[in-house]
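All remarks here apply to the structure that follows.
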Amino acid sequence: MKDLPVIVVGGSLVGLCASVFLAWRGVPHLLIEKHPQSHAHPRAMGFTERTLEYFRIVGLGDQVPQAAPGVRLRRVQAQSLFGDWLSESLWTPGAPQASEELSPCRGAAIAQDRLEPILRDRARELGAELWLGWEMLAFSQDADGVTLRVQHRESGQQQLLRTRYLIGADGAKSPIREQLGISRDGCGMLNTISSVLFY
């Protein structure tokens with residue numbers, strides 16, 4: 001049975017960031033992601049100056065393309081792609097406006113399917129072990145840690161893993177969160193968003 005200090009379940013943005021920062025700190029760990037590669041849909045797009053500052057700390061400053069000088073991320077409501085702008089707001093409403101004088105970073109408008117490979121490569125460079133195409137089937141917790149049963153989705157091969165700490169980065173409908181009884185609260189559904197891709 002493979003035994004590691006930390007196992008990360010979920011290899012999208014949250015899990016990959018956890019892996020990069022663990023590896024940067026020299027913490028041995030394993031990341032498990034059920035998909036063999038990034039989703040083709042771009043999904044998340046905008047990242048703040050603070051996020052880019054953290055990426056810079058772990059050596060990704062030159063690899064994540066930032067917004068042009070003088071440009072700050074913001075949200076816009078418009079009639080159409082070429083129509084009038086109806087309103088404009090900060091990328092993070094309520095947050096103080098960042099200043100170029102306070103940070104060397106400007107934020108980035110990079111799609112998730114382009115950012116994930118950069119994070120994966122950096123995690124591996126720093127010594128992280130990534131198992132892509134593996135999914136967690138079950139886990140159980142005891143006083144000394146967590147045991148996981150995982151399976152390779154293509155071959156069907158199963159393994160038992162043991163860890164002291166389990167990071168559940170397995171999405172909004174997280175089976176880990178559900179099994180642990182960790183509830184969510186808030187105002188409920190905010191809106192429905194449609195993504196349109198142009199080829």
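The values are calculated or read from the model by the stated rules, or taken from the named source; none is laboratory data. Remember, predicted model here, so these are calculated numbers, not experimental data. Here Cβ is always computed from backbone atoms with ideal geometry, including for glycine, and neighbour counts include all displayed protein chains. Keep in mind that these areas ignore ligands, DNA and RNA; they rest on the heavy atoms of the full protein, side chains included. Shrake-Rupley method; radii C 1.70, N 1.55, O 1.52, S 1.80 Å.
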Quick calc: nm separation of the 7 Å Cα→Cβ label points for Leu102 and Asp121 -> 3.2
Longest the chain segment clear of GluC sites (Glu not before Pro) sitting in DSSP loops (not H, G, I, E or B) with at most 15 other Cβ atoms within 10 Å runs 1-99
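Which FRET efficiency value, to the nearest 0.05, is calculated for Met45 and Glu178 with the Förster distance at 22 angstrom and r the Cβ-Cβ distance?
On the way: r = 28 Å, r/R0 = 1.27.
The pair Met45/Glu178 has a calculated efficiency of 0.20.
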Expressed as a percent, the accessible surface of the chain that is carbon or sulfur, using a 1.4 Å probe and the full set of protein chains, is 52
Once Val14 and Glu53 are pulled to full extension, the length gained, defined as 0.36 nm per residue separation minus their Cα-Cα distance, is 12.4 nm
Per the rule of 0.36 nm per residue minus the C-alpha distance, extending Val196 to Val71 adds in nm 42.6 nm
The local net charge around Gln158, scoring Lys/Arg +1 and Asp/Glu -1 for residues other than Gln158 whose Cβ lies under 15 Å from its Cβ, equals +3
extent check for the range 19-72: Cα max minus min per principal axis, descending, whole Å, gives 40, 30, 15
Rounded to the nearest 10 degrees, the helix 13-24 long axis (Cα) sits at an angle to the longest Cα principal axis of the chain of 70
Helix-only [θ] at 222 nm, the chain, -39500 (n - 2.57) per DSSP H run of 4+, per residue, nearest 500, equals -6000 deg cm²/dmol
One would report the antiparallel percent of DSSP beta bridges in the chain, rounded to the nearest 5, as 60
Across the alpha-carbon set of the chain, Rg over Rh with Rh taken as the Kirkwood radius works out to 1.01
Checked against the positive end of the charge dipole of the chain (+1 on Cβ of Lys and Arg, -1 on Cβ of Asp and Glu, about the Cα centre), the farthest of Gly107, Leu60, Leu4 is Leu4
Mean accessible area per residue over the range 1-146 (1.4 angstrom probe, all protein chains present, square angstrom) is 57
So the FRET efficiency between Arg153 and Phe21, C-beta based with R0 = 35 Å and rounded to 0.05, is 0.85
For Glu129 and Leu86, extending 7 Å from Cα along the Cα-Cβ vector and measuring point to point gives, in nm, a value of 5.2
If one builds a Gaussian network model of the chain from Cα atoms under 10 Å apart, the most fluctuating residue listed among Val71, Val58, Val146 is Val71
Per the 1/(1 + (r/R0)^6) rule, R0 = 35 Å and r from the Cβ atoms of Asp185 and Ala111, FRET efficiency to 0.05 is 0.70
Check: C-alpha center the range 140-179 vs C-alpha center the range 15-90, spacing in Å is 26
